[in-house]
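The values are calculated or read from the model by the stated rules, or taken from the named source; none is laboratory data. All values derive from a computational prediction rather than experimental measurement. Cβ coordinates were reconstructed from backbone atoms using ideal geometry, including for glycine residues, and neighbour counts include every protein chain displayed. Surface accessibility is based on the protein's heavy atoms, side chains included, excluding ligands, DNA and RNA. Shrake-Rupley method; radii C 1.70, N 1.55, O 1.52, S 1.80 Å.
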Amino acid sequence: MTVAALPGALRAEYPLLQTCTYLNSNSTGALPRAAEGVLAQYWNTMRAWRDDTWDTWLSQMQAYADGVAGLIGAPAGSVALDTNLSAHLSRLASCLEFTGERRRVVVTDLEFPTVPFIWKGFARYGAELVVVPSKDGRVDEAALEAAIDARTRIVCVAHGAFATGAVLDVARIAKAAHAAGALIATDAYQTVGTVPIDVRALDVDFLMGGAHKWLGGSEAAFMYVRPDLLPSLRPAATGWLAGASPLGFQQTTDYAPDARRLMGGTPAPLMVLLSRPGLELLKGVGIHAVREHSLKLTDRLMARADEAGLHVVTPREPHRRGGVVAMRFPGDAQVTQRLVARGFICSHRGYLRAAPHFYNSPEEVDAFMDALIAEQRQESA
């Protein structure tokens with residue numbers, strides 16, 4: 001689909017858009033109407049349950065994982081699934097040793113709260129957390145590089161900051177991490193589905209993301225693992241799906257040879273099934289068309305904010321921002337609440353965040369900003 005054709009008829013696929021002005025895909029993306037058919041099929045499966053359903057479900061889950069792999073430039077078999085980033089990151093951490101000199105975990109102060117919380121928990125096993133401070137909503141890559149040394153076990157940083165939308169030069173940080181003999185994991189929840197990603201170009205060892213934001217799915221999460229690392233990863237936090245032959249229901253003798261070794265116990269297949277239609281719609285549009293449309297709409301948000309004298313926290317350079325525009329002004333939390341009450345759906349995470357996606361139109365952006373400016377002036381009066 002061409003950028004000129006967006007959003008066009010695609011809007012009809014997302015019932016939520018008929019009820020409000022929805023600019024909140026960085027928090028929870030709109031679910032396509034095809035999900036209703038998935039729910040009906042799931043119920044039909046459950047009311048006529050047979051154990052061989054697991055064969056079908058696991059096959060469908062693998063198809064989704066490989067679909068995500070294709071979106072991020074990864075080979076089939078290199079993506080594992082679970083319900084959230086917490087499960088993935090905890091399982092990854094349980095693969096690592098934090099003994100001797102190399103025990104540091106380098107993060108920034110822009111990470112989603114899950115990330116430092118988990119690594120602090122692994123302090124009982126020897127992990128030492130190093131937090132690199134940000135300034136004005138973004139991280140100085142030089143300062144981050146300086147924090148990485150021979151004591152670093154892993155660097156764990158967000159590709160896109162959840163609060164500000166700032167995009168980190170992950171390829172640069174990966175180069176520094178590998179030069180120091182460290183691993184690198186990146187949280188791409190705020191970029192996968194709105195920013196083109198190639199894990200080989202980024203040269204990351206692990207990349208985590210989820211379906212329920214820009215991918216228009218439900219609460220399904222994924223983790224890419226660099227294939228040559230797989231044989232060395234033996235998670236302590238594990239489950240029956242990670243075994244070499246899980247459906248044999250015999251005592252497990254070894255881990256699966258592919259990324260499934262980073263999975264856990266009985267999964268939640270419904271969340272993955274609900275996420276498949278959104279992924280297919282996005283891939284049908286094409287990630288580069290999605291990105292071009294996103295930049296057009298976020299440019300418009302920034303221009304309108306500038307005209308109104310509102311401070312934009314999100315970086316201006318296209319390669320430095322994802323799909324979010326974060327704004328800061330006195331009373332921004334109260335303005336967010338009033339906008340939502342009026343049907344202009346946005347969110348507040350320290351700043352007012354607006355996040356248009358490929359199904360949003362320029363007219364919606366203008367209507368949103370008209371309402372925001374009116375509420376801001378009332379707040380400051």
Residue pairs meeting the criteria (Cβ under 9 Å; at least 6 apart or on separate chains; first outside any loop (DSSP other than H, G, I, E, B), in the stretch 1-21; second acidic (Asp, Glu) and surrounded by fewer than 18 Cβ atoms within 10 Å (Cβ to Cβ)): Val3/Glu292; Pro15/Glu36
Failed item, numbered, when Arg349 is tested on (1) charged (D, E, K, R); (2) within 17 Å of the chain's Cα centre (by Cα); (3) over 29 Å from Gln378 (Cβ atoms): (3)
Filter result for the condition that a residue is surrounded by fewer than 17 Cβ atoms within 10 Å (Cβ to Cβ), in contact (Cβ under 8 Å) with a residue 24 or more places away in the chain and not in a strand (DSSP E or B), over His293, His288, His357: His288
The listed residue being open to solvent by less than 10 Å² (accessible area, probe 1.4 Å) and either of a type in the set (Asp, Glu) or in a helix (DSSP H, G or I) (or both), out of Thr298, Thr314: Thr298
The stretch 136-147 residues that are surrounded by fewer than 19 Cβ atoms within 10 Å (Cβ to Cβ), paired with ones that are part of a helix (DSSP H, G or I) (beta carbon under 7 Å, 6 or more apart): Glu141/Arg172; Glu141/Ile173
Condition met for Ala40 (among the aliphatic types (A, V, I, L, M) and within 19 Å of the chain's Cα centre (by Cα)): no
Lone unmet requirement of (1) assigned to a loop (DSSP other than H, G, I, E, B); (2) open to solvent by 50 Å² or more (accessible area, probe 1.4 Å) for Asp306: (1)
All positions within the stretch 317-340 that are closer than 18 Å to Phe162 by Cα, open to solvent by 30 Å² or more (accessible area, probe 1.4 Å) and either modelled with pLDDT under 95 or of a type outside the set (D, E, K, R) (or both): Pro318, His319, Ala333
Out of Gln41, Gln60, sole residue that is touching a Lys or Arg at 6+ places or on another chain (Cβ under 8 Å) and either surrounded by fewer than 20 Cβ atoms within 10 Å (Cβ to Cβ) or polar (S, T, N, Q) (or both): Gln60
Out of Gly278, Gly322, sole residue that is touching a Ser or Thr at 6+ places or on another chain (Cβ under 7 Å), within 15 Å of Gly29 (Cβ to Cβ) and not β-branched (Val, Ile, Thr): Gly322
Among the candidates Ala76, Ala63, Ala123, residue that is free of Cβ contacts under 8 Å to residues at least 24 places away in the same chain and over 29 Å from Arg349 (Cβ atoms): Ala76
